[in-house]
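*Asks:* Structure below; questions to follow.
The values are calculated or read from the model by the stated rules, or taken from the named source; none is laboratory data. As the structure is a computational prediction, the values presented were derived from the model and not from experiment. A quick note on method: Cβ atoms are made from the backbone with ideal geometry, for glycine too, and the neighbour counts reach across all protein chains shown. What goes into the accessible areas is simple: the full protein's heavy atoms, side chains included, and nothing from ligands, DNA or RNA. Shrake-Rupley method; radii C 1.70, N 1.55, O 1.52, S 1.80 Å.
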Amino acid sequence: MATLKELSVRKDPLTGGHRACAGCGFPQIVRMVCLASKDPIVVVSATGCLEVTTTIFPYSAWTVPFLHNAFENAAATLSGVEAAYKAFLKKGKIAKKINFIAFGGDGGTYDIGLQSLSGAMERGHNLLYVCYNNQAYMNTSIQRSGATPKGANTTTEPAGKVKQGKVQRQKDLTEIMVAHNIPYAAQATVGYWADLVRKAEKAFSIDGPRFINVLQPCRLGWVYKPEETMSISRLAADTCFWPLYEVENGKYKVTLKPKEKKPIIEFLKSQDRFRHLFNPKNETILVEIQKEIDYNWEKLLAKEAK
Amino acid sequence: MITVAKTGNEAMAEAMRQINPDVVAAYPITPATEIVMIFAKYVADGLVDTEYIPVESEHSAMSACVGAASAGARVMTGTSSQGLALMYEILPIASALRLPIIMCEVNRAISGPINIHCDHSDTMAARDFGWIQIFSENTQEAYDNLLQAVRIAEDKRVMLPIMVTTDGFIISHGMEKLEMIEDPIVKEYIGEKKPEYSLLDIEKPTTVGALDLTDYYFEHKMPVIEAMKNAKDVILEVGKDFEKKFGRQYGFYEKYKLDDAEFAVVVLGSASGTAKVAIDQLRASGVKAGMLKIRVFRPFPAEEIAKELTGKKAIAVMDRSDSFNTCGGPVFTEIRSALFDSQNKPSITNFVYGLGGRDINVEQIKNIFESIRNVGKVPVVNYIGVRQ
Amino acid sequence: MSKLMNWKELPPCDTLAAKTAEAFETGDWRMGEKPVWHPEICIHCMICWISCPDSSVTVKDGKMTGFDYKHCKGCGICAKECPTKPNKAITMEKE
Ligand code: SF4
Ligand code: SF4
């Protein structure tokens with residue numbers, strides 16, 4: 001893996017001056033992924049925090065070619081860019097290698113963009129799709145998404161007198177991508193930057209459709225102090241709330257096995273979105289969440305052992 | 001010229017083969033499916049160099065077209081009805097980004113009820129998205145229009161997406177005589193695409209599709225409005241050049257026995273063939289009947305049409321879709337508005353016809369003429385061919 | 001960019017030049033605290049640089065050189081992530 005020193009002499013895809021919240025987590029995801037590419041890159045983004053904060057006309061924070069089309073179609077849009085590139089390669093109008101990257105939030109990836117993503121993956125385009133997953137529609141004020149975990153407080157499924165935030169579990173998008181039989185799918189989180197950079201590097205070394213699901217704490221929606229973005233992110237992996245793993249040609253590899261699996265309450269209590277769960281009457285929910293995490297973790301380890 | 005017999009869909013597919021676009025992204029839908037099927041075979045047989053993307057929906061088809069066109073590619077697609085409706089969200093993005101995407105659109109009724117036959121409700125609902133819209137009466141026009149579309153859309157003064165339409169089944173599946181231009185001549189005629197920008201230009205990175213707040217959105221709409229104005233000049237120039245090279249004449253509209261007519265119908269698409277027969281019969285019986293067949297609906301040639309129609313006694317505007325505005329179909333409201341400033345304006349009546357593929361025949365069109373000859377006898381908006 | 005462009009002055013085709021956000025100074029978002037670098041403690045591990053959301057840790061030839069205060073939003077991530085012990089090479093201090 002390239003060292004941080006080596007990465008630091010590459011071209012940062014973003015400048016300062018974008019309007020992401022102080023302490024946001026997605027600009028680092030973008031930087032880590034893009035810096036991992038030795039070759040030039042072209043970026044497409046779904047509508048969402050990333051696109052909105054980095055391209056307020058006439059100020060673009062992008063230093064690399066960037067296209068935004070709409071909310072649900074980043075994968076389809078990038079598949080068109082990639083097809084044009086192939087056409088130009090064939091005609092000898094372009095020669096250099098370019099890596100194609102799409103970024104979408106969890107709304108634009110898990111929910112409204114799932115069909116477009118699935119289609120692009122099935123067609124086998126040579127591109128990397130990265131979901132910066134902050135587990136709700138943060139750009140439009142913290143509405144629930146298919147990625148929102150059980151018990152989280154959101155504005156469209158808030159905690160109240162009779163309901164304790166989201167009732168359902170999050171869907172397992174990484175496994176849905178694995179089920180597309182793509183050559184590379186992975187889960188990462190921004191606080192474990194070395195793991196993410198290594199996964200991005202690996203993704204760029206492989207041809208075909210690739211997917212990385214990156215958990216990104218959001219200080220606005222998760223409600224914590226801005227300096228804690230990276231540390232809370234690591235807590236998600238240390239509690240196995242968000243296991244770090246990769247699946248290369250069907251072969252599972254867990255890339256972080258906490259020496260001592262921390263209890264989930266350590267992660268939950270670090271953010272106000274779960275505060276209501278610590279009301280004594282909600283203890284059963286905490287127990288349930290821990291159980292599910294333990295079950296999923298064992299299941300993942302079993303897949304790796306196969 | 002090579003004379004062949006082709007359906008509208010086959011003619012469009014042949015034109016696509018000759019255009020040999022860099023990228024085609026499309027999804028099957030009746031009655032446009034065949035265009036893509038034929039083209040896919042051309043790809044499979046190596047007759048074109050195109051990167052063909054068999055997407056999972058029309059939404060993704062148009063999205064991929066935007067991506068490919070932003071990368072500087074010459075891009076085509078084909079669709080109909082619900083497929084076009086699924087693209088609606090992305091159509092104005094294509095025009096705002098000034099991407100000259102070329103679409104074969106086969107006019108078909110919009111659901112519901114679901115119906116696979118011709119009317120213009122799909123294309124008319126897409127009229128305000130900054131796309132140039134060209135209607136074809138027959139297979140020959142579909143072919144010629146598609147070739148001209150490349151030149152119009154990619155002209156530096158225009159740089160707008162374009163849809164060339166045929167009428168579902170009536171033209172798309174109707175076999176007709178087609179004069180095809182030889183492959184190398186088409187290649188030379190359309191030339192190489194020279195894009196304004198390309199996402200693949202690594203040396204000159206560009207941000208495309210930025211967010212506008214209240215301070216810039218309005219300004220960004222103005223160039224599209226200006227380009228539409230320019231498109232009027234370019235459409236005429238390209239039409240003249242086409243006539244010079246290949247002998248067939250194209251403008252904003254076609255006049256049929258219009259100049260000395262007292263009564264005229266305004267028609268788009270395949271029904272104009274039927275109208276011509278009706279007009280010949282009426283002329284034979286001494287009625288000064290005529291027709292204005294609109295070819296270009298966007299940009300709308302309002303001034304030019306007003307000049308043609310002013311001074312007539314009465315005009316019947318035939319709409320193959322309704323606006324549900326209670327006061328007339330989309331063509332009618334355009335024509336009425338176009339004539340508002342004329343000194344000597346005719347009476348104008350609207351006839352909505354043919355929804356969901358309902359046939360329109362010569363007798364009905366003769367009845368339309370009969371109605372407008374008795375000015376004031378019929379309502380302003382009429383629905384013909386429907387059981388009342 | 002103080003003067004608003006009229007529509008004829010816009011870049012063509014709704015494009016926008018790269019890096020123009022550099023002219024937008026988000027430094028004034030800081031809420032009274034800024035990161036301060038202590039070079040004598042710094043081990044140039046670059047963790048602050050990779051962790052900064054605003055590309056506001058400046059580096060040269062693989063070494064940390066300070067901050068871009070024009071854009072730094074004062075989030076404090078760099079100070080929290082700096083690994084040196086017992087004293088950190090970055091501290092958040094009153095402006
Ligand atoms: S305080 Fe935040 S924005 Fe400023 S340099 Fe440190 S990490 Fe970057
Ligand atoms: S994290 Fe601390 S030690 Fe590492 S480079 Fe930054 S200031 Fe220096």
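*Asks:* Once you keep just the Cα pairs under 8 angstrom separated by 6 or more residues, what percentage relative contact order results for the stretch A:206-306?
*Replies:* 24 percent
*Asks:* Just to confirm the number: angle between the C-alpha axis of helix A:193-204 and the first principal axis of chain A, 0 to 90 degrees, nearest 10?
*Replies:* 40 degrees
*Asks:* Can I ask one more? Ordered by residue, what ³J(HN,Hα) values in Hz, to whole numbers, does the stretch A:172-188 give under the Karplus form 6.51 cos²θ - 1.76 cosθ + 1.60, where θ = phi - 60° and Gly and Pro are x?
*Replies:* With the stated coefficients, the stretch A:172-188 comes to 9, 5, 4, 5, 4, 5, 4, 5, 7, 6, 7, x, 8, 9, 8, 10, 8 Hz.
*Asks:* Something else now. Considering only C-alpha atoms, what is the centroid distance from the stretch C:38-75 to the stretch A:17-40, in Å?
*Replies:* Between the Cα centre of the stretch C:38-75 and that of the stretch A:17-40, the gap is 15 Å.
*Asks:* Quick one: what are the phi-derived ³J(HN,Hα) couplings along the stretch A:88-103, Karplus 6.51/-1.76/1.60 with θ = phi - 60°, whole Hz, x for glycine and proline?
*Replies:* 5, 4, 4, 8, x, 8, 8, 10, 6, 6, 10, 9, 10, 10, 10, 10
*Asks:* In addition: Could you work out the relative contact order of chain C? I mean the mean sequence separation of Cα pairs under 8 Å and 6+ apart, divided by the number of residues, in percent.
*Replies:* Relative contact order here is 35 percent.
*Asks:* Test of the criteria: in the stretch A:66-115, which trypsin sites (Lys or Arg not before Pro) are in a DSSP loop and have at most 16 other Cβ atoms within 10 angstrom of their Cβ?
*Replies:* Qualifying residues, ordered by number: A:Lys91, A:Lys93, A:Lys96, A:Lys97.
*Asks:* Report the GluC sites (Glu not before Pro) located in the stretch A:206-306 that are in a DSSP loop and have at most 15 other Cβ atoms inside 10 Å of their Cβ, or state none.
*Replies:* Taking the stretch A:206-306 and a limit of 15 other Cβ atoms within 10 Å, the loop GluC sites (Glu not before Pro) found are A:Glu260.
*Asks:* Additional query: Within 10 Å of each candidate Cβ there may be at most 10 other Cβ atoms; applying that plus a DSSP loop requirement, which chymotrypsin sites (Phe, Trp or Tyr not before Pro) in the stretch B:340-370 survive?
*Replies:* For chymotrypsin sites (Phe, Trp or Tyr not before Pro) across the stretch B:340-370 that sit outside H, G, I, E and B with at most 10 neighbouring Cβ atoms in 10 Å, the list reads B:Phe340.
*Asks:* Longest segment of chain B with no trypsin sites (Lys or Arg not before Pro) in a DSSP loop having at most 10 other Cβ atoms within 10 Å?
*Replies:* The reported range is B:1-376.
*Asks:* Show me you know the interface measure: the accessible area buried between A and B, both chains summed, probe 1.4 Å, in Å² to the nearest 100.
*Replies:* Summed over both sides, the interface buries about 3300 Å².
*Asks:* Cα-based Rg of the stretch A:4-305 per 2.2 N^0.38 Å, rounded to two decimals?
*Replies:* Cα-based Rg divided by the globular estimate yields 0.98.
*Asks:* Using the Karplus curve 6.51 cos²θ - 1.76 cosθ + 1.60 with θ = phi - 60°, work out ³J(HN,Hα) for each residue of the stretch B:255-268 in order, rounded to whole Hz, and write x for Gly and Pro.
*Replies:* With coefficients 6.51, -1.76 and 1.60, one gets 9, 10, 6, 8, 4, 9, 6, 9, 10, 9, 9, 10, 9, 10 Hz.
*Asks:* Within the stretch A:1-30, list the residues whose amide N lies under 11 Å from a label point set 7 Å along Cα→Cβ of B:Lys204.
*Replies:* Within reach of a label on B:Lys204, which here means backbone N under 11 Å from a point 7 Å along Cα→Cβ, the stretch A:1-30 contributes nothing.
*Asks:* To the nearest Å, what is the center-to-center distance of the stretch B:1-23 and the stretch A:261-304, using C-alpha atoms only?
*Replies:* 61 Å
*Asks:* For chain B, the longest stretch holding no GluC sites (Glu not before Pro) located in a DSSP loop with at most 11 other Cβ atoms within 10 Å is which?
*Replies:* Longest stretch, sites excluded: B:204-388.
*Asks:* Report, by chain and number, residues whose modeled amide H sits under 5 Å from the one on A:Gln170, excluding near sequence neighbours (fewer than 5 apart, same chain).
*Replies:* For A:Gln170, the qualifying residues are A:Lys150.
*Asks:* Run through all the Cα pairs of chain B and give the fraction in each 10 Å bin from 0, expressed as whole percent.
*Replies:* Taking all Cα pairs of chain B, the binned fractions are 5, 24, 33, 24, 11, 2, 0, 0 percent.
*Asks:* Could you tell me how far the Cα centroid of the stretch A:180-194 sits from the Cα centroid of the stretch B:120-185, in Å?
*Replies:* Centre-to-centre distance over Cα atoms comes out at 46 Å.
*Asks:* Taking a ≥ b ≥ c as the square roots of the Cα gyration tensor eigenvalues, with a/c under 1.5 meaning rounded and otherwise prolate when a/b beats b/c, else oblate, which class fits the stretch B:253-383?
*Replies:* Note, shape of the stretch B:253-383 comes out rounded.
*Asks:* Quick check: at a probe of 1.4 Å, how many percent of the accessible area of the stretch B:186-334 sits on carbon and sulfur atoms?
*Replies:* Carbon and sulfur together cover 53 percent of it.
*Asks:* What whole-number value in Å² describes the accessible area per residue of chain B for a 1.4 Å probe?
*Replies:* So chain B comes to 37 Å² accessible per residue, rounded to a whole number.
*Asks:* Show the residues, 5+ positions off or on another chain, whose built amide H is closer than 5 Å to the amide H of C:Thr65.
*Replies:* So C:Thr65 has HN proximity to C:Thr58, C:Val59, C:Lys60.
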